[in-house]
Amino acid sequence: MKRLTVPLLIATLAVAGCGGRYSDSGWNPLGWFGSDRGPTSLEPEGGYATTNTDARPGIPAITGAHWEVLNEGRLLVVTGLGATKGYWDAELITEAPSPSGRLTPDPDGVLRLRFVAWPPPADSDAARMPARPETDTISVALTLSSNVLAGVQQVQISGATNTITIRR
């Protein structure tokens, strides 16, 4: 029994040094060989962006929005019209900054999006030709999964001059 008591006492003291108020002390065996622990947070080093860094201007006029049903959610299709021909790289982006690829509605259940696109260069021929609604509509789509849609009551899409709200 005495031969077992001494090793148990040593093991108990060693394990006791691993936690509690002595976890940062020299008695903690986990810190004996350096404490190269990983990051304590999943937040990026510079923190999350507080402003939307997308420099594309809003589309001049949003003409419509509708839902398409998918197996695992819905597809939001938005159409708009530029002031001239030649708008490119159109996209729906979130108004509030969020991590890439993650859509989250406001606490009131409104998902706020911006419809943005690059206008044609000012010295191009397309910039001098007015857009025709019959041929120059710009369409974008955004897939919303069932998980995202669970917290969404309505979607608000803003352009440069108007805003459209569509309910689920």
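Of the residues Gly46, Gly86, which single one is out of contact with any Cys (no Cβ under 9 Å at 6 or more places or on another chain), more than 25 Å from Gln153 (Cβ to Cβ), in a loop (DSSP other than H, G, I, E, B) and not assigned by TED's automatic domain parsing to the domain that holds Ala141? Don't jump to the end; show me each part of the working.
Values: Gly86 fails: not assigned by TED's automatic domain parsing to the domain that holds Ala141.
The match here is Gly46.
Looking at Ala141, is it touching a strand residue (DSSP E or B) at 6+ places or on another chain (Cβ under 9 Å), among the aliphatic types (A, V, I, L, M) and closer than 25 Å to Asn71 by Cβ?
Details: touching a strand residue (DSSP E or B) at 6+ places or on another chain (Cβ under 9 Å): yes; among the aliphatic types (A, V, I, L, M): yes; closer than 25 Å to Asn71 by Cβ: yes.
Taking the combined requirement at face value, the residue satisfies it.
Identify, please: which residue in region 112-139 is surrounded by 11 or more Cβ atoms within 10 Å (Cβ to Cβ) and assigned to a loop (DSSP other than H, G, I, E, B) and is, among those, nearest to the chain's Cα centre (by Cα)?
Result: Pro119.
Answer yes or no as to whether Pro97 is surrounded by fewer than 18 Cβ atoms within 10 Å (Cβ to Cβ), within 18 Å of the chain's Cα centre (by Cα) and in a loop (DSSP other than H, G, I, E, B). Can you show your working first?
Working: surrounded by fewer than 18 Cβ atoms within 10 Å (Cβ to Cβ): yes; within 18 Å of the chain's Cα centre (by Cα): yes; in a loop (DSSP other than H, G, I, E, B): yes.
When the stated conditions are applied, Pro97 passes them.
The values are calculated or read from the model by the stated rules, or taken from the named source; none is laboratory data. The structure displayed is predicted, hence computed values, not measured ones. Glycine also receives a Cβ, built like all others from the backbone with ideal geometry; neighbour counts cover every protein chain displayed.
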